[in-house]
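The values are calculated or read from the model by the stated rules, or taken from the named source; none is laboratory data. These figures come from a predicted structure and were not determined experimentally. So basically every Cβ, Gly included, is an ideal-geometry build from the backbone, and we count neighbours across all protein chains shown. Calculation scope for accessible area: heavy atoms of the full protein, side chains included, ligands and nucleic acids excluded. Shrake-Rupley method; radii C 1.70, N 1.55, O 1.52, S 1.80 Å.
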Amino acid sequence: MRDMDILTVTHPVGQYNVYVGEGLLGRLRELAGVDGRIALITDSNVGPLYAQAIPDAACVITMPAGEQNKTLATVNGMYEQLLAAGMDRGGVVVALGGGVVGDVAGFVAATYMRGINFAQCPTSLLAMVDASVGGKTGVDLPQGKNLVGAFKQPTAVIADIATLQTLPSEELSAGMAEVIKHGLIGDVDLFKRLEIGDSLASFQSLVTRAIRVKQLVVQEDPFEHGRRAALNLGHTFGHAIEQVSQYRIRHGEAVAMGLVAAANLSARLGYCSPDLQGRIEAALEYANLPVRIPADLPPQAQYRAMFSDKKKAAGKLRFILLRDVGDVFVADDVPETAVLETLAAVRNTP
Ligand SMILES: NC(=O)c1ccc[n+]([C@@H]2O[C@H](COP(=O)([O-])OP(=O)(O)OC[C@H]3O[C@@H](n4cnc5c(N)ncnc54)[C@H](O)[C@@H]3O)[C@@H](O)[C@H]2O)c1
Ligand SMILES: [Zn+2]
């Protein structure tokens with residue numbers, strides 16, 4: 001077994017380590033430097049598989065799995081269980097699960113008694129490479145996703161890649177969409193391997209390299225004022241596709257289609273070579289991800305949906321475009337006709 005990888009993420013008030021390796025859950029106290037009481041927060045899928053691997057938790061709080069439970073009602077129930085277990089500010093909240101658990105538990109840790117320590121044990125590929133690093137936490141409202149939240153930096157992130165063995169294959173593919181995105185944003189060599197179907201021999205190096213891209217971006221822009229927008233590559237299209245499909249299309253699949261659309265739009269506007277789209281499609285296909293928008297999603301409806309995305313800047317559509325692999329930039333002035341042409345071009349023929 002290869003040694004674990006350690007990345008040190010710096011943020012405005014300190015730093016924390018991200019550990020990536022096999023069989024790390026049992027070493028949580030040592031790696032995260034925890035000697036107080038542990039409140040373990042997990043979900044109904046992950047808890048039965050891995051909660052017992054975390055040493056001597058004072059309480060285990062299990063939420064029902066699924067995005068539909070990423071709510072203030074779930075948060076409220078957790079506050080009550082923390083109080084009942086006598087957790088105080090000397091304790092630590094540990095998130096064990098995918099991005100939903102991480103976002104909910106992080107928000108609880110940010111707000112319970114004005115904030116208690118927080119460690120992340122991501123168990124989905126998406127949570128390892130994306131959600132667990134960067135300090136964003138939060139929950140959904142009926143009006144939209146992630147509308148309430150807080151920045152809460154963890155004291156450690158422990159990515160035990162052995163947990164990926166039980167992750168359903170469609171969740172693995174969803175995580176690969178973000179890995180491919182990270183390669184496109186900032187790791188040319190990672191992307192070159194993914195486009196030829198080389199999965200880097202093990203998940204460990206794949207996960208570590210994908211985290212490294214997110215690490216560098218969030219260190220540069222901890223509060224999402226500028227550079228961090230790059231992480232939304234493929235997401236202006238992706239969110240619109242998710243919304244118009246009424247969430248029948250999952251986030252990772254929509255991001256995959258969005259990456260293809262971003263390359264198509266970039267080439268259409270003359271920023272990148274037309275070859276880039278095909279290279280991205282190859283990488284996505286190796287990960288069993290779709291590369292065309294289903295024919296039943298009308299381009300006009302997707303275009304309208306883009307305007308309800310909370311990440312648009314002052315009524316303007318914001319696209320992250322590509323000049324090349326590893327070279328992305330923000331464009332605020334993309335003409336409607338080009339967007340509609342792209343949506344038509346990357347749509348499946350009916
Ligand atoms: N905070 C951030 O910066 C950030 C970034 C990206 C995404 N997110 C959030 O992350 C969430 C999506 O995360 P996700 O894709 O991990 O979804 P998820 O947490 O719903 O996990 C996906 C499914 O896999 C199951 N699962 C997780 N790990 C498993 C394992 N090892 N074995 C078996 N089953 C396992 C879960 O129970 C769930 O059913 C969204 O709510 C999104 O908003 C947050
Ligand atoms: Zn995403």
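Some notes on this structure:
- Kirkwood Rh (inverse of mean 1/r, distinct Cα pairs), segment 112-195, angstrom: 14.6 Å
- For the chain, the residue among ILE180, LEU28, PRO299 whose Cα projects farthest onto the positive side of the dipole built from Cβ charges is PRO299.
- Degrees, to the nearest 10: 169-186 long Cα axis against longest axis of the chain: 70 degrees
- Convex hull volume per residue, computed on the Cα atoms of the chain, equals 124 Å³.
- Nearest-ten-degree value, helix 235-244 long axis tilted from longest Cα axis of the chain: 90 degrees
- Rounded to the nearest 20 debye, dipole of segment 256-350 from Cβ charges on Lys, Arg, Asp, Glu: 320 debye
- Span from the segment 109-182 Cα centroid across to the segment 15-92 one, whole angstrom: 13 Å
- Rolling a 1.4 Å probe across the protein heavy atoms gives the chain an accessible surface of 41 Å² per residue.
- Chain lengthening between GLU80 and ASN17 when straightened (0.36 nm per residue, less Cα-Cα): 19.7 nm
- Note on the chain: lysine pairs with Cα distance below 12 Å, sequence gap of 8 or more or different chains, count 5.
- Positive-end extreme of charge dipole, segment 209-350 - chosen from ALA263, LEU317, LEU340 (charges on Cβ): LEU317
- Taking 0.36 nm per residue of separation and subtracting the current Cα-Cα distance, fully stretching the chain between ARG114 and GLU67 would add 14.4 nm.
- Cα-based shape type of segment 125-168, given that a ≥ b ≥ c are square roots of the gyration tensor eigenvalues and the cut on a/c is 1.5: oblate
- For segment 180-278, the Cα-based Rg and Dmax, in that order, read 14.3, 37 Å.
- Working from label points 7 Å from Cα in the Cα-to-Cβ sense, the THR337 to THR8 distance is 5.4 nm.
- When a 1.4 Å probe is rolled over the protein heavy atoms, the share of accessible surface on the chain that falls to carbon and sulfur comes to 50 percent.
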